[in-house]
Amino acid sequence: MSALLRAIPTIVLRTKPISLAHRPLFCLNSHKIIKPKRFIKRSLSSISASASASASPLSSTETSVPNTKQPGILFKETLEWVNRTGFCGQLSEHDVGKRVRLCGWVALHRVHGGLTFLNLRDHTGLVQVTTLPDEFPEAHSVVNDLRLEYVITVEGVVRLRPSESVNKKMKTGMIEVAAELVHILNAVRSKLPFLVTSADDAKDSVKEEIRLRYRCLDLRRPQMKSNIMLRHKVIKLIRRYLEDIHGFVEIETPILSRSTPEGARDYLVPSRVQPGMFYALPQSPQLFKQMLMVSGFDRYYQIARCFRDEDLRADRQPEFTQLDMELAFTPLEDMLRLNEDLIRQVFLKIKGVQLPNPFPRLTYADAMNRYGSDRPDVRFGLELEDVRSPFT
């Protein structure tokens with residue numbers, strides 16, 4: 001009897017009808033939502049049927065309930081997560097003959113000579129997927145109905161492309177995946193506001209308002225992805241340089257703090273627990289840096305988020321990130337050398353640009369006399385000339 005009870009799914013038997021106030025709003029069965037109006041009464045015979053169904057080859061940790069629309073078909077109560085075995089941009093000739101399962105977005109879809117091809121994209125790059133209509137007609141049918149930016153899972157075998165279809169512009173241009181099973185994870189139901197994959201290649205000008213409105217699409221574009229990855233690499237290099245070479249400690253300072261007089265207005269955040277009082281967002285962690293130095297932390301740095309309530313300028317915005325650091329008992333020349341070396345490392349390792357060592361320097365007087373500015377642009381060689389002598 002105990003074994004039978006364990007095999008029966010959990011069922012609450014009531015002698016009175018269930019009131020609307022106690023009915024569940026919904027229940028999840030294999031990604032499907034069953035509303036209360038679709039619930040049906042289960043007789044004792046259905047309980048016996050459920051007990052006999054426990055002998056089916058389902059996992060012991062997964063229970064099942066009969067579908068109300070199609071009696072006899074079992075649905076798992078637990079969600080099944082897709083387990084990919086590889087990444088699109090990392091496949092190569094060494095993977096030929098391997099069976100892979102890939103997940104990603106449809107970047108290109110075309111039909112040629114009775115075959116359907118698509119480029120599948122993930123965060124590592126692209127790979128071409130082709131169909132085999134004679135061997136796997138179901139996968140071929142699913143691929144034919146796909147549109148750009150569908151999220152799909154493709155299972156198939158990696159093989160070499162024919163010599164005439166090798167694409168040397170793609171990292172994976174020597175191979176392709178012959179699709180045997182294709183599953184749609186998320187479909188595109190409406191027209192895209194702009195093309196994702198060809199925007200950079202075709203030099204299409206998309207208004208910034210549209211790009212920001214559909215930011216999830218905009219961030220899929222290669223240029224935007226490259227910008228974010230560039231920022232990640234620069235910050236990673238800064239952390240490794242300051243910590244591993246110069247012994248800095250990264251410390252996070254508070255965001256909500258008391259307002260202090262600085263160069264711009266503060267953004268204020270009202271306090272719920274103290275009505276009429278406000279927190280201020282930091283324009284920079286200046287006071288916190290000084291506190292850390294006085295406390296004996298010798299070398300501190302932070303990738304700090306700063307907020308300034310001021311009008312936009314070419315080199316200033318209300319919210320920005322800056323590298324903030326402080327050194328104790330360090331001469332000026334040592335501080336300048338450390339910062340110059342850091343900038344040289346960033347440009348060399350990220351972009352392969354070799355900057356001069358040491359950096360050229362200008363005094364304030366030279367900058368004003370030669371360029372008329374304390375922040376001169378020396379890229380063009382445009383300098384002021386003293387022409388007073390011919391007129392005196």
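Please treat every number below as a calculation from the coordinates, not as lab data. Keep in mind the model is a prediction, meaning the values are calculated, not measured. All Cβ positions, glycine included, derive from the backbone under ideal geometry; neighbour counts span all protein chains shown.
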Quiz item: In percent, how large is the relative contact order of region 88-186, given Cα pairs closer than 8 Å and 6 or more residues apart?
Solution: 34
Exercise. Could you list the trypsin sites (Lys or Arg not before Pro) in region 168-271 that lie in coil according to DSSP, counting only those with at most 13 other Cβ atoms within 10 Å of their Cβ?
Key: 168, 169, 189, 191, 203, 207, 258
Exercise. With a/c under 1.5 counting as rounded, go ahead and sort region 259-312 into rounded, prolate or oblate using the C-alpha gyration tensor (a ≥ b ≥ c being the square roots of the eigenvalues; past the cut-off, prolate if a/b is larger than b/c, else oblate).
Key: oblate
Quiz item: For region 285-392, which trypsin sites (Lys or Arg not before Pro) are both in a DSSP coil and crowded by at most 13 other Cβ atoms within 10 Å?
Solution: 361, 379, 388
Quiz item: What's the exposure ranking of 273, 182, 166, going from fewest to most Cβ atoms within 10 Å?
Solution: 273, 166, 182
Self-check item: Gyration tensor verdict on region 88-186 (Cα atoms; rounded if a/c is under 1.5, prolate if a/b is larger than b/c, oblate otherwise)
Solution: rounded
Quiz item: So how compact is region 233-351: Cα radius of gyration and Dmax in angstrom?
Solution: 16.5, 52
Practice problem: Could you run the Karplus curve 6.51 cos²θ - 1.76 cosθ + 1.60 with θ = phi - 60° over region 120-135 and give me ³J(HN,Hα) per residue in whole Hz, x for Gly and Pro? | Solution: 9, 10, 9, 6, 9, x, 10, 8, 7, 10, 10, 10, 10, x, 6, 8
Exercise. Run the numbers on region 233-351 and let me know its relative contact order in percent, using alpha-carbon pairs under 8 Å that are six or more apart.
Key: 24
